[in-house]
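Quick notes on the structure that follows.
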Amino acid sequence: MSYQKILAAIDLSAGESSIFKKALTLAQQNQAQLVLLHCSPLPPVYSSSYINFLNSPSDWTVDLSLAEASQRQDAELARQQLQELRQQATAVNIEAIPLLRFIDPSRGICDAVKDLGVDLVVVGRRGLSGISEILMGSVSSYVVHHVSCDVLIVQADQ
């Protein structure tokens, strides 16, 4: 099967690189577009908002001026990290779209799949089991059960 648009669900706070590397490899093999998605919680006023940037913070579609200073700093750091990943993809001739979304990761990934017409999601798993998984939930499990495209689960960096 050939993929046209691959979504890499990246948890920047965890310093994951295995998901990006796997998604980039698959994008190269398929000459696919790569969506680099990071979901981060923010106050409810932003819960369904995308911050989609291509070049600079001025391109963001959401005004973060009302957010707490620490949240603005976190958003700026995430923007920079996604931009660095985009540059790595561009360096190997892969078109990459960095996307920062302020929403629960499970829902954010599923919404992005629908909104963007993604045909493969690369998502990590931390290896939680038993009571830890019940209490904390599993993003990868939720995604597998709620999207209509293929999902590749990669053991996330620990």
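The values are calculated or read from the model by the stated rules, or taken from the named source; none is laboratory data. Just so we're clear, the structure is a prediction, and the values are computed from it rather than from any experiment. For neighbour counting, all protein chains shown are included, and Cβ atoms are generated from backbone atoms with ideal geometry for every residue, glycine included.
General observations
- A78 vs. criteria closer than 18 Å to C110 by Cβ, at pLDDT 85 or above and touching a helix residue (DSSP H, G or I) at 6+ places or on another chain (Cβ under 8 Å): no
- Subset tally (residues that are aromatic (F, W, Y) and not in a loop (DSSP other than H, G, I, E, B)) for segment 1-32: 1
- Within segment 98-117, residues that are closer than 13 Å to V143 by Cβ sit with their Cβ atoms under 6 Å from residues that are small (G, A, S), at 6+ positions apart or across chains, in these pairs: I109/A9.
- Qualifying residue in segment 89-99 (condition: modelled with pLDDT under 90, over 11 Å from the mean Cα position of the chain (by Cα) and of a type in the set (G, A, S)): no
- When segment 33-46 is filtered for residues that are outside any loop (DSSP other than H, G, I, E, B) and modelled with pLDDT under 80, the ones remaining, listed by number, are P44, V45, Y46.
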